[in-house]
1. Look at segment 93-105 and say how many of its residues are away from ligand 2 (no atom under 16 Å from the Cβ) and farther than 17 Å from Tyr75 by Cα.
2. Collect the residues in segment 266-280 that are surrounded by 10 or more Cβ atoms within 10 Å (Cβ to Cβ) and at pLDDT 95 or above, keeping them in residue-number order.
3. Say whether the condition of being surrounded by fewer than 18 Cβ atoms within 10 Å (Cβ to Cβ), among the polar types (S, T, N, Q), more than 13 Å from ligand 1 (Cβ to nearest atom) and within 22 Å of Phe278 (Cβ to Cβ) is met by at least one residue in segment 176-193.
4. Considering only segment 199-255, state which residues are within 14 Å of ligand 1 (Cβ to nearest atom), among the charged types (D, E, K, R) and surrounded by 19 or more Cβ atoms within 10 Å (Cβ to Cβ).
5. Looking for whichever is under 18 Å from Leu100 (Cα atoms) and in contact with a helix residue (DSSP H, G or I) (Cβ under 8 Å, 6 or more places away or on another chain) here; the options are Lys48, Lys53. Which one fits?
6. Within segment 102-120, is there a residue that is away from ligand 1 (no atom under 13 Å from the Cβ), surrounded by 20 or more Cβ atoms within 10 Å (Cβ to Cβ) and in contact (Cβ under 8 Å) with a residue 60 or more places away in the chain?
7. Tell me which helices (runs of 4 or more DSSP H) are completely within segment 1-85 and hold 3 or more residues being without any contact (Cβ under 8 Å) to a residue 40 or more places away in the chain, or say none if there are none.
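The values are calculated or read from the model by the stated rules, or taken from the named source; none is laboratory data. Worth saying up front: this structure is predicted, and the values here are computed from it rather than measured. In this analysis, Cβ positions are derived from the backbone assuming ideal geometry, glycine residues included, and neighbour counts consider all displayed protein chains.
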Amino acid sequence: MKQTAIQHAEKIQKDGYTLLKTQFSAQDAYAAIQEYHAFTDGLPNEVKERHRKPDGFLARLSNFHSVSDALQRIYIGSELYYNVARLFFGCRPPAISTSLFFANGTEQPIHRDSPAFCTLPEGEFLGCWFALEEATEENGALVVVRGGHLLTEDEFKARREIRERIGGVEDGGQNRLWSEYQNFVQETIARRGLEAKSIEAEVGDVIIWHGHLPHGGGRIKDTSKSRYSCVFHVTPVGNPVFDHKSFWYPDEGYSARSQDFCEIGSSGQFMRRSQPAFPS
Ligand SMILES: O=C(O)CCC(=O)C(=O)O
Ligand SMILES: [Fe+2]
């Protein structure tokens, strides 16, 4: 039976994620992949080589949606996604804060995105992953820890302990804080006996995860295979989003990302103004 928007929003609250089947066409997915190739082919060789990974694919590209008509079409055409996100945000419309475009699976260890998308109040963030190609055991499906977003009992104590041990966010501190935090998340999951499970997806599917949901990229059996996908990081329109500095030092007065939003076409939906880039 088809689930309604409210059932999906409830599932995100309860389980930390939900899967929306077939929200856009394979044709639009193909168009987005073609646009990605046109864009990356046009980059200077030196830039491409700098961002090429050992597996031959380019590293993740942020904010490609800002210049891709096909990605914008896919995003605004997904009505169920919009209704679910809107309900989740207490009836405030979602807007794209940033996005990441992946050409293949990531094999990212289990982590929470929350240090990178720090909101006030916390948790006003959803990761919305759009499958431009199927994602399976072969090319690395997404992995989620159901219910792991609710494990918050030691949260502030652990953050303080890590912060005091590592120190500031400069000179590589940011990366060490990130990995220590993710170690804490993984240890908490293990202690509570939760297990990661993989979610296979078909082209056109959308997986939405809660900002605190531990998730990652599953093992890739065949590393020659692509797994095109785009994940939109969305927040309620106009809600300030801070980065890791505020996550770790909330009272230091670090400023939020720019609050310059523009309409996506004439859809009545919004995205933060941005440019594609390879994040470091
Ligand atoms: O695509 C994946 O394998 C993981 C992506 C991810 O963790 C993210 O974008 O936050
Ligand atoms: Fe993530």
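1. 1
2. Within segment 266-280, Ser267, Gly268, Gln269, Phe270, Met271, Arg272, Arg273, Ser274, Pro276, Ala277, Phe278 qualify.
3. Checking segment 176-193: at least one residue is surrounded by fewer than 18 Cβ atoms within 10 Å (Cβ to Cβ), among the polar types (S, T, N, Q), more than 13 Å from ligand 1 (Cβ to nearest atom) and within 22 Å of Phe278 (Cβ to Cβ).
4. Asp205, Arg227
5. Lys48 is the lone residue from the list that is under 18 Å from Leu100 (Cα atoms) and in contact with a helix residue (DSSP H, G or I) (Cβ under 8 Å, 6 or more places away or on another chain).
6. yes
7. Per the criteria, 5-15, 26-41, 45-50.
Quick grid of which residues meet (1) part of a helix (DSSP H, G or I); (2) closer than 16 Å to Arg219 by Cβ; (3) more than 10 Å from ligand 2 (Cβ to nearest atom):
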residue	(1), (2), (3)
Glu107	no, yes, yes
Pro121	no, no, yes
Trp129	no, no, no
Glu138	no, yes, yes
